[in-house]
1. How fast does the stretch 36-130 diffuse by Stokes-Einstein, in µm²/s, taking the Kirkwood radius from C-alpha pairs at 20 °C and 1.002 mPa s?
2. Per 0.36 nm of contour for each residue apart, how much would the distance between Ala60 and Leu137 grow if the chain were fully extended, relative to their Cα-Cα spacing?
3. With a 10 Å Cβ neighbour count serving as the proxy for reagent exposure, in which order, fewest first, do Asp139, Asp45 appear?
4. Taking the highest mean first, how do the peptides 58-69, 120-131, 91-102 order by number of other beta carbon atoms within 10 angstrom per residue?
5. Once phi is turned into ³J(HN,Hα) by the Karplus curve 6.51 cos²θ - 1.76 cosθ + 1.60 with θ = phi - 60°, what whole-Hz value does each residue of the stretch 82-96 show in order, with x for glycine and proline?
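What follows is calculated from the coordinates using simple rules that are stated; it is not laboratory data. Model, not experiment: these values are computed from the prediction. Here the Cβ is made from the backbone with ideal geometry for all residues, glycine too, and neighbour counts use every protein chain on show.
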Amino acid sequence: MSEETTRGRAAVSGVAWRRRWRVPEKYRTKGTARPEGGGRSAGGDAPAPIRQWPLLLVLATTLVGLVVTLADFRIGLLIVGGALLTGAVLRAWLPAVGMLAVRSRFTDVVTYAVLGTAVVLLTLMAEPRPWLEVPFLSDILRFSVD
């Protein structure tokens, strides 16, 4: 058999295989539900930046924090952590936050709050000269390194 004939048969059998293993129509996803609170935070006649102000506020604050990090990493990272905590507060407080809503309200609030708190606490404990000392963490580190 020639190589071209072999390729042709492989392509035909590959198409047949794909058709045979397709997901039945009744099991296919028809659409995805919008997250709770995922509606516009302003009317549809408002420009896009006004409709998405909660997300833009969090992103702008994060950007400011990253720029400040170039001068003083602690202050900059505290601003980034504060931006995440602000996102948690906005998601919990406002009925519609636009694209700041990713999953359910509870999941978004917990995720933003945990990540923001982690960034703030790790920044406060950063070396050299940490602003916050947690004795049991230094013991865990000492025992894990030895």
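1. 155
2. Taking 0.36 nm per residue and subtracting the Cα distance, the gain is 24.4 nm.
3. Fewest-to-most ranking of Asp139, Asp45: Asp45, Asp139.
4. Output ranking for 58-69, 120-131, 91-102: 91-102, 58-69, 120-131.
5. Each residue's phi maps through the Karplus curve to give x, 5, 5, 5, 4, x, 5, 5, 4, 5, 6, 8, 8, x, 9 Hz.
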